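The values are calculated or read from the model by the stated rules, or taken from the named source; none is laboratory data. Every value quoted in this text rests on a predicted model; they were computed, and no experiment measured them. Cβ: placed from backbone, ideal geometry, glycine included. Neighbour counts: every protein chain shown. Heads up: the accessible areas ignore ligands, DNA and RNA and are worked out on the full protein's heavy atoms, side chains in. Shrake-Rupley method; radii C 1.70, N 1.55, O 1.52, S 1.80 Å.
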Amino acid sequence: MVRGAEREQAILAATVELLGEIGYAAMTMDAVAARARASKATIYRRWPGKPALVRAAMDAHDAAYVARIPDTGTVRGDLIAALVALTAQVDDHYVTMMTGLMHAMRVDTELGDALRAHVADEDLGPFRTIVERAVARGELPEGTPTELAHQVSEGQIMRRMFLGEPLDRAFLTDLVDELLLPILTRTFVTKEDR
């Protein structure tokens, strides 16, 4: 059983590595099998094709990131720590992976569906974990929604990436203080209230 889990992790890690090195279009199941030292039959028994494998690899990558989010004792500290850890991953490999996937999902419907499901999964982002901790500490009320904070942070980080601007601590602190904390702590007028 452990060997199977280790083999699966090796395959998923190889997929992320190859996506960052050569992009989605050039990545083949043969290349993943060679990098992971696994057979293609092993890969196809678990994942029916490249889109499903990529979704699983991205899910595992993000779940590992969420599991490592430090508990700093405050919602602000947790948000900053999570974003610092997230942006520390943004290097040439990460940009190659993301830009390749964004292009590929426009022409590959199955990949597009898989990646949209990945992005929409709130459990794969840091905000649910951070909010649950903050609720337990009494910093935020029960039922605090996370989706808007997640969307705003992703949008701001992607914008900076595309503009070639630094994803430094000053930017991340402003993002937390000026946007994310207000989103998580204020009551906004809803459509029903208008």
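When each of the peptides 136-146, 57-67 is scored by the mean number of other C-beta atoms lying within 10 Å of its residues, the order from highest to lowest reads 57-67, 136-146. Ligands, DNA and RNA aside, residue 35 has an accessible area near 90 Å² when probed at 1.4 Å. Note on the stretch 1-56 and the stretch 99-177: Cα centroid distance 25 Å, given to the nearest whole angstrom. Once the C-beta distance of residue 88 and residue 109 is scaled by a Förster radius of 35 Å, the resulting FRET efficiency is 0.60 to the nearest 0.05. Based on DSSP H runs of at least 4 residues, each adding -39500 (n - 2.57), what is the mean residue ellipticity at 222 nm of the chain after dividing by all its residues, to the nearest 500 deg cm²/dmol? Taking each H run of at least 4 residues, the total per residue is -22500 deg cm²/dmol.
Highest average first, the peptides 17-23, 76-82 ordered by how many other beta carbon atoms sit within 10 Å of their residues are 76-82, 17-23.
Quick one: putting +1 on the C-beta of Lys and Arg, -1 on the C-beta of Asp and Glu, what dipole do you get for the stretch 31-103 around its Cα centre, in Debye to the nearest 20? Taking the Cα centre of the stretch 31-103 as origin, the dipole is about 560 debye. The calculated pair-distance distribution of the chain uses every alpha carbon pair, bins of 10 angstrom beginning at 0, and gives 8, 32, 32, 21, 7, 1 percent. Taking all Cα pairs closer than 8 Å and separated by 6 or more residues, the relative contact order of the stretch 1-154 comes to 26 percent.
Per residue, the accessible area of the stretch 1-46 comes to 59 Å², computed with a 1.4 Å probe over protein heavy atoms only. For the chain, a crude dipole built from +1 on the beta carbon of Lys and Arg and -1 on the beta carbon of Asp and Glu, taken about the Cα centre, is about 580 debye to the nearest 20. Counted as membrane-span-like here are DSSP H helices of the chain whose alpha-carbon atoms extend 18 Å or more along the helix's own axis and whose Kyte-Doolittle mean is -0.5 or above; these are 2-26, 50-67, 75-88, 92-107, 147-163.
Can you work out the FRET efficiency for the pair residue 179 and residue 28, with r the C-beta to C-beta distance and R0 = 41 Å, to the nearest 0.05? Calculated value: 0.50. What a 1.4 Å probe finds exposed on the chain is 54% carbon and sulfur by accessible area, rounded to a whole percent.
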